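Only one structure is covered here, and it is reproduced in the block below.
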There are 2 protein chains.
Amino acid sequence: MPDPKENLQMEKIVSLCKRRGFIFQSSEIYGGINGFWDYGPLGAELKRNVKELWWNAMTRQRDDVAGLEATIIMSPQIWKASGHVDTFADMMRECSISNKRVRTDHVEPQSGTVISFAGVYRRSENTRRYNRLIEEFSPSLTTSEAIETLFEKEISDDEAKELNPELIEKFQDDPAKRALMLSLQKRDIVSTDLSKHILFKRFCILLQPGKPIESARKLAVSFYEALGFQDSILLGEQQWKVENSIDFHPETGGELRAEVPFNLMFKTHYGPIESDENIAYLRPETAQAIFAQFKNVMETSRQKVPFGIAQVGKAFRNEVTPRNFTFRSREFEQMELEFFIKPDEVIEAISGNVASAADVSSRVCENADNPRSDEARLPQPNWGWEAWHKYWVEERVRFYEGIGLSRETLGFHHQTPAELAHYARACTDILFKFPFSKKDADGNVAGDELEGIAARSDFDLSQHARFSGKPMGVFDDELRAAWAKLPKEKQDELWKRYHDNRKNYLLKSGVEAEPAQKQATDDANGLAKGQYIPHVIEPSAGVDRLILALIANAYTEVTKTDDKGKSETTVVMKFHPRVAPVKVGVMPLLKNKPELVKKALAVRDLLRPWMNVFYDEAGSIGRRYARQDEAGTPFCVTIDFDTLGEKPELLDTVTIRYRDDGRQERLKISELLDFLLSKIR
Amino acid sequence: MPDPKENLQMEKIVSLCKRRGFIFQSSEIYGGINGFWDYGPLGAELKRNVKELWWNAMTRQRDDVAGLEATIIMSPQIWKASGHVDTFADMMRECSISNKRVRTDHVEPQSGTVISFAGVYRRSENTRRYNRLIEEFSPSLTTSEAIETLFEKEISDDEAKELNPELIEKFQDDPAKRALMLSLQKRDIVSTDLSKHILFKRFCILLQPGKPIESARKLAVSFYEALGFQDSILLGEQQWKVENSIDFHPETGGELRAEVPFNLMFKTHYGPIESDENIAYLRPETAQAIFAQFKNVMETSRQKVPFGIAQVGKAFRNEVTPRNFTFRSREFEQMELEFFIKPDEVIEAISGNVASAADVSSRVCENADNPRSDEARLPQPNWGWEAWHKYWVEERVRFYEGIGLSRETLGFHHQTPAELAHYARACTDILFKFPFSKKDADGNVAGDELEGIAARSDFDLSQHARFSGKPMGVFDDELRAAWAKLPKEKQDELWKRYHDNRKNYLLKSGVEAEPAQKQATDDANGLAKGQYIPHVIEPSAGVDRLILALIANAYTEVTKTDDKGKSETTVVMKFHPRVAPVKVGVMPLLKNKPELVKKALAVRDLLRPWMNVFYDEAGSIGRRYARQDEAGTPFCVTIDFDTLGEKPELLDTVTIRYRDDGRQERLKISELLDFLLSKIR
């Protein structure tokens, strides 16, 4: 559990986001809609900057990545192939009292007193002789046997038939009702319809801390009343203590039913007729469009493996319990790269070996003792999936560093074999230490996921090949030439490894043994012809999580005490200039001096074609600085009388003021644009 | 109808889009999904450029517009307030044969021969005496009366009851079947179940041109067979001619049923329970989020009316008949600005008058004879809605000109009072002359809509105020001060106009007379306190339509004949450099000269931080130029031996080659970046 101080930190962040227009609740005037968040003016700029930086780094700055912008609604077949229709589900439990649902893994352990009732018995004029009896014994009436005992008479079926054979038959499968009914019939209350008098339906609740047991009884009475049992007697009351139980709904306290899977895809229908044949889903990830369009993109962009396809776009998951502000929301944005690589067997055939992990680490991984030039980090022809995986983890960390998230703020989680999907070779999560991130027993914070970088083998392309019937393999001249020159035993060894991997995939995907064997043999035979299905490394990042991380990372409170001892705390959002929503605030010292205003507008117009400028002339200069500090604007430029030449040597210079330390410098207007560009790019 | 040449032009464009990776069919490997299109590598860049230019022009380059990025799924209340739940529907007709649907206004008039049948009669062993009779008279058997006549016997109910009272009762409400049945019973074929023998269900079809009538009869036979009537006789055949009929399905020829409304919003459910209480819609436009967040944005961005809120994002409409490539698709992207202005009454109170239309036109509207400086076009305090509307139409046209769509390629449609929504004051559509755009009788092409610029009064904010119960008015100090100084008769006049407008809105929105009167009075009384509900001008553009316009506009075929008289036609995509997906191709003259390659890579790396560069070393330089022409790259830079100093005076110069005319020039590498930036920005 995050401690209260960390909750306070989140509250401050949520409040700032609303107050300054970073993030609003969606549809706020209508009471909001749970799990949906809008980005206000500053948030929209921040998000645009982050997406633009990612797109530039991933596609425009590289020769080996092409972009894609696919639709949110795609053929439902895609989600069958990807496995989402069948398995993209969270295990969920339902409150047995309110029917509210909650994700099994989101139930925090709770301790306290549980109170339960077995059912309810409705008082009636007709059965009033027995109302008192039942009332008296109600706590022990937990089962049909208890009721039979109460009426001190086991009645055999033969005896019962003499009384009222029709009713006996009606309750043949309900021993509790039958027992009570027979007892009452025996006592000449034959006309009573007992199915209306008794209900065995468990009511079980964890008492909220500090509440008396009577409050649970009242809830039980309301619960049974809602089922039509007014003026009734609660049956079978029990109480017991639980410690760290995850069997009660966190809000209602109601006992949770057994877990069931709940598919997270939003469902809709396309075309004019709403039928099962035109169900469509809102994509739960952007990745699948990349696999589906793999061939089209490869062919039109003249790329060869290794190469990647990048996409930024909205995705939707109908989370059962959205939470932690924008961290887990139902509509969000992803930035995903699918980087296609040669299988290790192909690398080995062409290069003679596959780069060892140690070799790759020393090339790719950078740290203070071991800085790496861009050239040193260039991908090598003998890189197999491990090398590419390490490379992309490192690339992505460098990206985060480049926008202000230092390595100290990040964490890593290397998925264990038990966590990995059967087709995945590895997955490294890059974490950020959010204010709500949990501490372990030693007080350490691992963080929560910003991005996962997965080595997904050839699973995705293979699935789409199987489901669409369209080939997803590529042809590689280099492989064909190299293969022909390999010694027979090397060919056999690589053939067998490739074959076994393919067969393993096919069998795990439910293909029968015989066709799997045939297909794997065909696939492995393809190697000699230069054919293979590419593997993929997938760096998959969440935009909204990253925005939240940037906001949490930037949030800084500064307390200043003035000469009179009065202290004031203000917020400074220390965004990296690359992501800051506004790059520079431009301000005339005074609003009512036309020559200052005119000059300030000229500076604004000089800078504006190149960056987002906020022009502000309202209020004292100190208040204007403070407003820009809160917006995270890294620089402010002030036009004063010196700019106009009051001190001739300062003519056409401005004051530049730094957000992070309040430092001020004098700079020539002619040098301003280059200075700012060097900082914000 | 577009003529065949124009269809050919569209075919060429669609083919180029797929071949070069501008636009693919979504989910193509699964047979596609109608109305959804993906943007490939070049298309994604083109689209990003357009959106970025719009965002820059509309928000970053202006002080008076703030950005927003809201969710696609919002509270369903928003769509009740906006009217979409009740009225966002197309009238649709259904084919009576295939049940396929088509938009009423998308049915082209057709002429030809109609053939219809009244129903069908199944031959049977039991009734074989009558099979021949029915076969002979089948054309005239169009009604139950005809059948009664055929059997030449009206049977009274009394007579019938003697025969088989049970069957009579069964067919009490079906005179046709009863008549036939009675006749047959009379002839001692009492055991026949006639409900299985006759079906009166009209089959009516417009014969496809050139098809024989027999083909329609075959279709009718299949139609009735599908309803369970094998080996049957068609009843009541009729034929007639129609001219320009819109009563038959354009594809199937089947008669269309009466029109019904079809809501175009995609529907889904949010939260874990799929019930009517958590229906949500995919937004059919981005505008409503702007209205819903109006107050939040205004307060956090320190804006005052007049100011705007801009948003770019996906929207969804479940079009009945998506068509014209990406022009009318089901998932698309919008760029919308809601620009909030003071009502004319407020302008008049503050400024003493409202700018006249003539005054505004001469300020705002630009043409060759009347160019206007930026300063001349600056908005004025006395602008009312007409002025702002003209201003935004002109701003938007200038935007299109700035990305390569000259005024000649555009058209305008000023909506007539009959076309306008009741709350709208004016709406001007900016059209583009697409290859599929229709010609009028004189052969003129008006074009199809790129953008609509609507003056929507205070309708939207008023609706959200009514539906959410949250005030949407603003407070304006200037108005309060000005109002106090107005003469009483002026106050009364403005009060009455504002009051009447408000009352008119309330009554048209279904508010009862008495509360409408009270509310309008309250609203008009607000003026004296400086309160009013802003009006809005809405420039609303479709991204995908604009992309298609840019592609159609850029598409140019160039035919060259070489020395040997062999001619070759290539495609040159003449995009404006601002929108071109790739800004510059960088090419070493030869691939196998390391010093050329090294230098070319250095040039690539020099330019790449500032623009999208395509590095290409494969194939002859002519083929590489042709590839860039097809991609629409405006400039190519070639590194040759002179660059390396073979002619010393040309050291560190490159050849720059222009896409549009093939012209080549020599330029210093040191000047290259500034030269290109001046062209692409």
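Every read-out reported here was derived from the displayed coordinates using simple, explicitly stated rules and does not represent laboratory data. As the structure is a computational prediction, the values presented were derived from the model and not from experiment. Methodologically, a virtual Cβ is constructed for each residue, glycine included, from the backbone with ideal geometry; neighbour enumeration extends over all protein chains shown.
Compute the convex hull volume of the Cα atoms of segment B:532-593, divide it by the residue count, and report the result per residue in Å³ as a whole number.
Working: hull volume 9.8 nm³, N = 62.
That works out to 159 Å³ per residue.
Quote the relative contact order of chain B in percent (integer), defining contacts as alpha-carbon pairs under 8 Å separated by 6+ residues.
Details: 1170 pairs, mean separation 92.3, N = 681.
Once divided by the residue count of chain B, the mean separation gives 14 percent.
Place the label 7 angstrom along Cα→C-beta at residue B:488 and in each other copy, then list the distances from the first to the rest in nm, shortest first.
11.7
Between copies, how close do the residue A:380 label points come, placed 7 Å along Cα→Cβ, listed in nm from shortest?
Shortest to longest, the spacings are 7.3 nm.
Which distances in nm, rounded to one decimal and ordered from shortest, link the label point of residue A:470 to the equivalent label points in the other identical copies, with labels set 7 Å from Cα toward Cβ?
Computed spacing set for this position: 4.4 nm.
Straight distance only, please: which lysines reach the Cα of residue B:599 with their own Cα at less than 24 Å, same-chain residues fewer than 8 apart left out?
Candidates past the 8-residue exclusion: A:304, B:583, B:591, B:647, B:668, B:679.
What FRET efficiency comes out for residue B:569 versus residue A:601 if R0 is 41 angstrom and r is the Cβ-Cβ distance? Round to the nearest 0.05.
Details: r = 52 Å, r/R0 = 1.26.
E between residue B:569 and residue A:601, to the nearest 0.05, is 0.20.
Using the alpha-carbon centroid of each, what span in Å lies between segment A:400-428 and segment B:41-108?
38
Over the whole of A:293-305, what's the average partner chain Cβ count within 10 Å per residue? Rounded to a whole number, please. Write down the numbers at each step before the final one.
Numbers: counts 10, 1, 3, 10, 6, 1, 4, 12, 6, 6, 1, 0, 0.
So the per-residue partner count for this stretch is 5.
Ranked by Cβ crowding within 10 angstrom, fewest neighbours first, how are B:51, A:241 ordered? Walk me through the numbers before you get to the answer.
On the way: B:51 18, A:241 9.
Listing B:51, A:241 from fewest to most nearby Cβ atoms yields A:241, B:51.
When DSSP assigns beta bridges and you keep just the ones with both residues in the protein assembly as shown, what percent turn out antiparallel, to the nearest 5? Display every interim value, and only then the final one.
Details: 176 of 198 bridges.
Here the share of antiparallel DSSP bridges comes out near 90 percent.
In whole percent, what relative contact order does segment A:527-648 give with Cα contacts below 8 Å and a gap of six or more residues?
Working: 158 pairs, mean separation 33.6, N = 122.
The value is 28 percent.
For residue B:15 and residue B:260, FRET efficiency with R0 = 56 Å and r from the beta-carbon atoms, rounded to 0.05? Numbers along the way, then the final one.
On the way: r = 37 Å, r/R0 = 0.67.
Computed FRET efficiency for residue B:260 and residue B:15: 0.90.
For segment A:637-681, which GluC sites (Glu not before Pro) are in a loop by DSSP, counting at most 12 other Cβ atoms within 10 Å? Could you put the intermediate results ahead of the total?
Details: sites: A:646, A:649, A:665, A:671; in loops: A:646.
Qualifying residues, ordered by number: A:646.
Classify the protein assembly as shown as rounded, prolate or oblate, taking a ≥ b ≥ c as the square roots of the eigenvalues of its Cα gyration tensor: rounded when a/c is under 1.5, otherwise prolate if a/b is larger than b/c and oblate if not.
Values: a/c = 1.39, a/b = 1.28, b/c = 1.08.
Since a/c stays below 1.5, the shape of the protein assembly as shown is classed as rounded.
Kindly put A:472, B:58 in sequence by how many other C-beta atoms sit within 10 Å of each C-beta, fewest to most. Walk me through the numbers before you get to the answer.
Values: A:472 20, B:58 25.
Ordered from fewest to most neighbouring Cβ atoms within 10 Å, A:472, B:58 come out as A:472, B:58.
If I take R0 = 45 Å and measure r between the Cβ atoms of residue A:380 and residue A:562 in this structure, what FRET efficiency does the formula 1/(1 + (r/R0)^6) give, to the nearest 0.05? Can you show the working numbers first?
Numbers: r = 60 Å, r/R0 = 1.33.
Given R0 = 45 Å and the Cβ-Cβ separation, E is 0.15.
Using a ≥ b ≥ c from the Cα gyration tensor of segment B:1-103 (square roots of the eigenvalues), is it rounded, prolate or oblate, where a/c under 1.5 gives rounded and otherwise the larger of a/b and b/c decides, a/b for prolate? Intermediate results must be reported in sequence, preceding the final value.
Details: a/c = 2.03, a/b = 1.11, b/c = 1.84.
Cα axes put segment B:1-103 in the oblate bin.
Using alpha-carbon pairs under 8 Å, 6+ residues apart, how would you state the relative contact order of segment B:420-549 in percent?
Working: 163 pairs, mean separation 42.1, N = 130.
Relative contact order here is 32 percent.
Would you mind listing how long segment B:615-681 runs along its three principal axes, going by Cα atoms, in whole Å with the largest first?
Largest first, segment B:615-681 extends 34, 31, 20 Å along its Cα principal axes.
Limiting things to C-alpha atoms, what are the Rg and the maximum Cα-Cα separation (Dmax) for segment B:545-681, in angstroms?
Radius of gyration, then largest Cα-Cα span, for segment B:545-681: 15.3, 50 Å.
If you find the alpha carbon centre of segment B:641-657 and of segment B:210-235, how far apart are they in angstrom?
That distance is 78 Å.
At 4 °C and 1.567 mPa s, what whole-number value in µm²/s does Stokes-Einstein give for the translational diffusion of chain B, with Rh from the Kirkwood sum over Cα pairs?
42
Which chain B residue hugs the B-A rotation axis most tightly by its Cβ, and what is that distance in angstrom, to the nearest whole number?
Spelled out as residue then distance in Å, it is B:268, 2.
What ranking, highest mean first, results for peptides A:513-520, B:396-403 when packing means the other Cβ atoms within 10 Å averaged over each residue?
Numbers: A:513-520: 14.5, B:396-403: 18.6.
Ranking the peptides A:513-520, B:396-403 by packing returns B:396-403, A:513-520.
Using 0.36 nm per residue of separation minus the Cα-Cα distance, give me the extension gain between residue B:489 and residue B:415 in nm, one decimal.
Numbers: separation 74, 0.36 × 74 = 26.64 nm, distance 3.53 nm.
Extra length available between residue B:489 and residue B:415 comes to 23.1 nm.
Which order do peptides B:620-631, A:413-424 fall in by mean Cβ count within 10 Å, highest first? Could you put the intermediate results ahead of the total?
Numbers: B:620-631: 17.6, A:413-424: 12.3.
In decreasing order of mean packing, B:620-631, A:413-424 become B:620-631, A:413-424.
Quickly estimate the mean residue ellipticity at 222 nm for chain A, helices only: each DSSP H run with n ≥ 4 gives -39500 (n - 2.57), and the total goes over all residues, rounded to 500.
Mean residue ellipticity, 222 nm, calculated: -11000 deg cm²/dmol.
Show me the three semi-axes of the equivalent ellipsoid for segment A:435-548, from the C-alpha gyration tensor (sqrt of 5 times each eigenvalue), largest first, rounded to whole Å.
On the way: eigenvalues 297, 58, 48 Å².
For segment A:435-548, the ellipsoid semi-axes come out as 39, 17, 15 Å.
For segment B:284-362, what class follows from the C-alpha gyration tensor (a ≥ b ≥ c being the square roots of its eigenvalues): rounded when a/c is under 1.5, otherwise prolate if a/b is larger than b/c, else oblate?
Details: a/c = 3.56, a/b = 1.77, b/c = 2.01.
Verdict is oblate for segment B:284-362.
Taking loop as defined by DSSP and a crowding limit of 11 other beta carbons within 10 Å, which GluC sites (Glu not before Pro) in segment A:441-518 fit? Intermediate results must be reported in sequence, preceding the final value.
Details: sites: A:449, A:451, A:478, A:489, A:493, A:512; in loops: A:512.
Qualifying residues, ordered by number: A:512.
For the protein assembly as shown, what is the charge dipole size about the Cα centre, in debye to the nearest 20, if Lys and Arg each add +1 at the Cβ and Asp and Glu each add -1 at the Cβ?
On the way: 190 positive and 212 negative charges, 531 e Å.
Roughly 2560 debye for the protein assembly as shown.
Need one number: nm distance between label points at residue A:108 and residue A:514, each 7 Å from Cα along Cα→Cβ, rounded to one decimal.
Distance between label points: 5.8 nm.
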